[in-house]
1. Please specify each residue of region 34-69 satisfying the condition of being modelled with pLDDT under 90, closer than 30 Å to Gly219 by Cβ and either open to solvent by less than 70 Å² (accessible area, probe 1.4 Å) or not in a helix (DSSP H, G or I) (or both).
2. Scan region 180-187 and give yes if some residue there is at pLDDT below 95, in a helix (DSSP H, G or I) and over 16 Å from Asp81 (Cα atoms), otherwise no.
3. Every residue in region 70-87 that is within 16 Å of Ala185 (Cβ to Cβ) and surrounded by 15 or more Cβ atoms within 10 Å (Cβ to Cβ), please.
4. Going through Gly181, Gly174 one at a time, which residue ends up being under 15 Å from Ile113 (Cβ atoms), open to solvent by less than 80 Å² (accessible area, probe 1.4 Å) and not acidic (Asp, Glu)?
5. Among the numbered criteria (1) assigned to a helix (DSSP H, G or I); (2) within 30 Å of Gly269 (Cα to Cα); (3) open to solvent by 20 Å² or more (accessible area, probe 1.4 Å), which single criterion is violated by Ile196?
6. Anything in region 123-145 that is part of a helix (DSSP H, G or I) and crowded, with 17+ Cβ neighbours inside 10 Å? List them, or say none.
7. Could you check how many residues of region 146-163 are open to solvent by 30 Å² or more (accessible area, probe 1.4 Å) and over 16 Å from Gln104 (Cβ atoms)?
8. Residue check: is Glu161 touching a residue at least 24 places away in the same chain (Cβ under 8 Å), assigned to a helix (DSSP H, G or I), over 27 Å from Gln71 (Cα atoms) and charged (D, E, K, R)?
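The values are calculated or read from the model by the stated rules, or taken from the named source; none is laboratory data. Remember, it's a predicted structure, so these values are computed and weren't measured experimentally. Counting neighbours? That spans all protein chains shown, and the Cβs are built from the backbone with ideal geometry, glycine included. The accessibility values were calculated without ligands, DNA or RNA, using every heavy atom of the protein model including side chains. Shrake-Rupley method; radii C 1.70, N 1.55, O 1.52, S 1.80 Å.
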Amino acid sequence: MFLFGKKKDEKDKELRTAENMTTGFSSTVVSQVAKEEAAKTFAKPQNYTGNRNLYDSGIAKRNVKQTSFNQAEQSGSQVLDPYTNQELRLRKIDAKTEFGTDWQNHLAEGDHITPIEEIHSQTKNKAWITNDDIKEIANSDDNLQTVSRKFNNAKRSRTNEEFVTDEEYLKSKGIELSEEGKQKAIEKGRESQKIIDRKVAKTSVKNALKTGHKAGLQGAANAGLMTATMSGVMNIVSVLKGEKSAEDALKDTAVDTGKAAATGYVLTGGLTTISHTLSNSSSKFIQALSKSNVPGYVITAVIVTGNTLKKYANGEISTEECIIELGEKGISFATAGASMAVGQALIPIPVVGAAIGCLVGTMVTSSIYNNIIGGIKQRKMESDERKRLISEYDDIANEARQYREELESYLETYFKDYQDCFDEALQGMKLAFEVGDANGVITGANMITKKLGGEVKFENTSEFKNFLDSDEDDVL
C-alpha cells in the first residue's frame, strides 16, 4: 500500500534517497573488499634480514657484467672498475691466472649502486609499492654497474657515500681509493638515488590509478545494477498508473542507472585509494579509521543528507523542515544496511535482492517517520502518549550528552600528553632564545617533531649546518 498510495513527488523523493544510499553503501562495501585485496597485493616484510632473495636478481647482475664486456670488446677497450681503475675479467679462472692472489681486485661482479636493503627501507611503508616493484627498481640497469669483487664484497649494504667515506673500514678491508674514485662513487650513488625516487613515485601513481580503476569498475557495476532495479520497479508502477509512457520510463531508468554507475565508479575508486593510503599512515588513529571504513560511511551520509543541507543553506526550506528531512533520511540511512540484507535473503539474486530490500526499507521507514512527525505537528496524540514520547526524547538527549562528555573526556586525555610536551618544548625554546642557546632551540623543536612522529634531521648546530649543506635533503 505504501508503494501505490503516494504522490509522484513523494515516490521520486524516496527513490532518490534509496538510490543515493544504495550507491553509497555498495561503493563502501566494494571498496572495503578492494582495500583488503590491495592490502595483500602491497604487503611487504618490515624486516629486510633473510629477505634478500625476495628482491635480488642474479640474472640482472650477470647481464650487466656481460654487457660491459660486450661493449668493451666492440670498442677495443678494457673493462675497468669505475672507482679503483683496476682491470676486470669476466671469469674467475682468468682473473686468478693473470693476477694470482690479487684476483678479487680483478674479478667483475654486478653491484647494486643503491643497496637493496636501502631501497627496501625506503619503500617498505610505501602504500602503493609491491615486492615485485622493489625487485624491478633495485635490479634496473640504472642501479647496477660492474665493479670488482673486492669492492662489492666490502661494500655490502652500505651506500656508496657511506662506504667510501669510512676510512677505517676501507683500510680494514684493504680497499684503496683515490679522492677522484671516492668522488665518482658518491656522485654515482646520488644519481642512482634520484632515479630510484622518480621510479618509486611514478610506480606508486600507476599502481594507485590501476587499483582505483579496477575497484571503480566493480563499484559502477554494482551501483548501476541496484539503481536500475529500483528505478525500473518505480517506473513500471508509474507506467501502470498512467503517470508515464513506457518510453519515458525507459529513458528515466537509463538516466538514473547512468548517474549511479558514474557515481559508483568515482566513489568506489576514490574510497579504495584513500582507504589503502590511510591504512599505511604512521598514525594508529588514522589506521583505525581506515580499517573500520569510516571514510566510506561518512561520504555515504554526506551524499544522503547533502541535498537537504544545500536547500537549507540556500533558504529553500525552514529550520523545522530541514530537521524533519534530516531525521527521515537519518532513519532510512540507519536501516538501509539491514534492509538490503533482508532483501537479499528474501530475493537470493545477487544485487537485485539488496536493491529491492533497500527500496522497500527506505519507503517503509520514511512512511513511519512521516506519520509520527505528522501526528506530532497536528497535536492529535493523546497527552499520555505525548508525555511518553517526551520522556523517551529526554532519555535520548541525556544519552547524547553522556556520549559527548565521554568524547570530551577522551579528547582531553588524548591531547593532554601532547599539550604537556608542547608546553615544555616551547618554554625551553623561549629560554634558549633569551640566552642565545641555539642548541637549546633545536632540542625544543626536536621534542615536538618526535612527539608528532616526524623524523629528526639534526640534534645540534653542527648537524644543522651539515643538513643545510647536504644535497640529499630538500630543505625547501
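1. Selection gives Ala34, Lys35, Ala38, Ala39.
2. Checked region 180-187: no residue is at pLDDT below 95, in a helix (DSSP H, G or I) and over 16 Å from Asp81 (Cα atoms).
3. The answer is Leu80, Asp81, Pro82, Tyr83, Thr84, Gln86.
4. Gly181
5. With (1) assigned to a helix (DSSP H, G or I); (2) within 30 Å of Gly269 (Cα to Cα); (3) open to solvent by 20 Å² or more (accessible area, probe 1.4 Å) applied to Ile196, the lone miss is (3).
6. Thr123, Asn131, Asp133, Ile134, Lys135, Ile137, Ala138, Asn143
7. Of the residues in region 146-163, 5 are open to solvent by 30 Å² or more (accessible area, probe 1.4 Å) and over 16 Å from Gln104 (Cβ atoms).
8. yes
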